Amino acid sequence: MKVVIGTRGSDLAQWQANYTKSLLEKNGCEVEIKIISTSGDRTQEWNTSFDKLEGKGFFTKELEEELLAGTIDLAVHSHKDLPTTSPEGLIVAGVSQREDPSELLLIRNESVDDTKKFSLKENAIVGTSSARRKSQLLAFRPDVELKDLRGNVPTRIKKLADKEYDAILIAAAGVARLEIDLDDFHAERLSPYEFIPAPAQGVLAWQIKENNYKLLDLFDKITDLDVLIKTNIERRILNLFDGGCSLPLGVYCENEMDHDDRYKFKVWISMATAWNAQPKQLFFETYNTGDLPERIVEHIQNMKPKKVFITRNLRETDYLSRALKSLDFEIDGKSLIEFKQITIKFLPRTDWIFFSSKHSVKYFFNQKPEIGNVKMACVGKATADELRAFGHRAEFIGQSTDTKLVGKQFAAKVGSAKVLFPVARESMQTIQWQFPKRDNAIDLVVYATLKHSLEIPSDTEIIIFTSPSNVEAYFEKNKLAPNQKAVAMGEATKSALMKKKIKENVIVTPGSFDDLGLFQCVLHF
């Protein structure tokens, strides 16, 4: 069977076409590639200002026209550029395996600042023309200056090298496929759980005529069914929002098998009303995917501001406070415990230092200890960010709010190495108890906690508990009313709430130990 592939002319598009060509040839096809210029390509050549049109056909229309005319048999697309509804007579016959869906923040070396979020210096000029990328970057780093960036991947990187920008945002998939050398830059990979990619980012879509049954049968064999299921969820959400150029929408879906051999689906969303508006960032997990996109969209559309209290001292610069207030939520905060630094009298020499909270980082480094050449680890991203503020970077960062799991993963990584744990007096030591040899975990008390309870307004709708100690202090003068919901920072805090007879169905735990995780929890209710 002879197959004519239609593709755009960029280096990346031709890579995609040749990748598809090799798959078809392995299945006995004779393949020809035809280069087709699209509106998106020509607009970039003219340097016209536009937000990159993900999912609205700006880079696909001419390919689809040639498919319908019969001059090509197959169109290869970046799936994120393809409209969610095919023209009459065309179908998406299949999808490829998924390349890394993450974004890369490429930073010129002189613009790197490891103490800042994403290692980017204050007031940096960042290049991107994507409304989705703009909204998320400004949410995390409102100080940056955004400047439009167009062209194919090599062109964008050359503009960075020519110092037109301090940094640029590009898809990791394109860099990986083109095998571009990034040694001249600092490359910061942005987690797809935090900085949400476009629906179906990193996936190729194979489009054909709906009556081309031979190719349809062939792509049934080639298609990655697992990727197809997940990208269908992502793109259905895009379709329900009628997303594209005007809607800064990121959607990312993963699945995992639980202990009962059931698939659990996880979906991360970032949706803003405009590129310069605070995005609504949410996390969903479910076993039932039947109407999952519809439930997610309905939840976001019906979301209303609420009154929130967090058991920590509130700072206006905190992401949680800034993000909630941007969405008209009321938020107040006060730590129900006080902290007292305990002087380090002796610092044992170890191979690693593990920090289980931002407080352990603060009260350890406030004393300016001589740590020598030692590796560092953190329980989660928020603690790692605090470590960065003191000029250090973690070589291990826990990715779960289940501290037992983090402990097991860290213990497996370090093996027989000695690890120092700066801790609070009477800390729970959950991480330490996961070590096969308990003597390899050395506790160093650097602070103590003292309860300082107060009455919380009864009209507060959501209470965020940041630690088991704050749970104890809260219930000295308060109770949780039937109309109130609780957010528990981690499993230990959730257990403390359940010991107070709080029902599990009113407690939500974040997917990450940071303000973004808490923000997602608040928007969950």
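The values are calculated or read from the model by the stated rules, or taken from the named source; none is laboratory data. Here the structure is a predicted model, which is why all the values come from computation and not from measurement. Here the Cβ positions follow ideal geometry from the backbone for every residue, glycine too, while neighbour counts run over all protein chains shown.
What to note about this one:
- Any hit, segment 317-327, residues being of a type in the set (Gly, Ala, Ser) and farther than 30 Å from ASN276 by Cβ: no
- Summed over segment 84-129, residues that are without any contact (Cβ under 8 Å) to a residue 60 or more places away in the chain and either assigned by TED's automatic domain parsing to the domain that holds ASN18 or acidic (Asp, Glu) (or both) total 5.
- Within the option set ARG132, ARG236, ARG177, being out of contact with any strand residue (DSSP E or B) (no Cβ under 6 Å at 6 or more places or on another chain) and more than 22 Å from LEU74 (Cα to Cα) holds for one residue only, ARG236.
- Evaluation of PRO305 against (1) out of contact with any strand residue (DSSP E or B) (no Cβ under 6 Å at 6 or more places or on another chain); (2) at pLDDT below 95 (one fails), failing number: (2)
- Strands (runs of 3 or more DSSP E) (entirely within segment 60-126) containing at least 2 residues that are within 30 Å of LEU160 (Cβ to Cβ) and out of contact with any His (no Cβ under 9 Å at 6 or more places or on another chain): 74-78, 103-108
- In segment 289-313, residue surrounded by the fewest Cβ atoms within 10 Å (Cβ to Cβ) [restricted to those that are of a type in the set (A, V, I, L, M) and part of a strand (DSSP E or B)]: VAL308
- Test result for THR460, of a type in the set (S, T, N, Q), modelled with pLDDT of 95 or more and either assigned to a loop (DSSP other than H, G, I, E, B) or buried (at least 19 other Cβ atoms within 10 Å of the Cβ) (or both): yes
- Top-ranked residue of segment 370-381 - restricted to ones that are aliphatic (A, V, I, L, M) and surrounded by fewer than 22 Cβ atoms within 10 Å (Cβ to Cβ), ranked as farthest from PHE283 (Cα to Cα): ILE371
- Residue that is modelled with the highest pLDDT, among those in segment 235-269 that are among the small types (Gly, Ala, Ser) and more than 10 Å from PRO199 (Cβ to Cβ): SER246
- Residue check for GLU316: over 22 Å from GLY511 (Cβ atoms), surrounded by fewer than 17 Cβ atoms within 10 Å (Cβ to Cβ) and modelled with pLDDT under 95: yes
- Conditions (1) surrounded by fewer than 17 Cβ atoms within 10 Å (Cβ to Cβ); (2) in contact with a helix residue (DSSP H, G or I) (Cβ under 8 Å, 6 or more places away or on another chain); (3) part of a loop (DSSP other than H, G, I, E, B); number of the one not met by GLU164: (2)
- Residue match in segment 129-139 (condition: closer than 30 Å to GLU66 by Cα, part of a loop (DSSP other than H, G, I, E, B) and not hydrophobic (A, V, I, L, M, F, W, C)): yes
- Residues (within 19 Å of PRO142 (Cα to Cα), touching a Phe, Trp or Tyr at 6+ places or on another chain (Cβ under 8 Å) and free of Cβ contacts under 8 Å to residues at least 24 places away in the same chain) located in segment 270-329: none
- ILE507, sole failed condition from (1) closer than 30 Å to PRO348 by Cβ; (2) not assigned by TED's automatic domain parsing to the domain that holds GLY398: (1)
- Of note, ALA473 does not satisfy the criterion of being small (Gly, Ala, Ser) and assigned to a strand (DSSP E or B).
- Put simply, of TYR263, TYR319 the only residue that is of a type outside the set (Gly, Ala, Ser) and not assigned by TED's automatic domain parsing to the domain that holds ILE463 is TYR263.
- ASP51 meets the conditions (1) under 34 Å from the mean Cα position of the chain (by Cα); (2) modelled with pLDDT of 90 or more; (3) more than 24 Å from GLU179 (Cα to Cα); (4) not polar (S, T, N, Q) in every case but one. The failed one is (2).
- Matching residues in segment 255-270 - criterion: being farther than 24 Å from LYS147 by Cβ and within 19 Å of the chain's Cα centre (by Cα): ASN255, GLU256, LYS264, PHE265, LYS266, VAL267, TRP268, ILE269
- Of all residues in segment 330-351 being within 30 Å of LEU138 (Cβ to Cβ) and touching a Lys or Arg at 6+ places or on another chain (Cβ under 6 Å), the one that is surrounded by the most Cβ atoms within 10 Å (Cβ to Cβ): SER335
- Reported count of residues in segment 412-448, each being surrounded by 14 or more Cβ atoms within 10 Å (Cβ to Cβ) and farther than 28 Å from ASN470 by Cα, is 3.
- Cβ-Cβ under 8 Å pairs, at least 6 apart or on other chains, segment 151-173 side over 12 Å from ASP184 (Cα atoms), far side basic (Lys, Arg) and crowded, with 21+ Cβ neighbours inside 10 Å: ILE168/ARG156; LEU169/ARG133; ILE170/ARG156
- PRO468 under 21 Å from ASP514 (Cβ atoms) and either of a type in the set (Phe, Trp, Tyr) or out of contact with any Pro (no Cβ under 6 Å at 6 or more places or on another chain) (or both): yes
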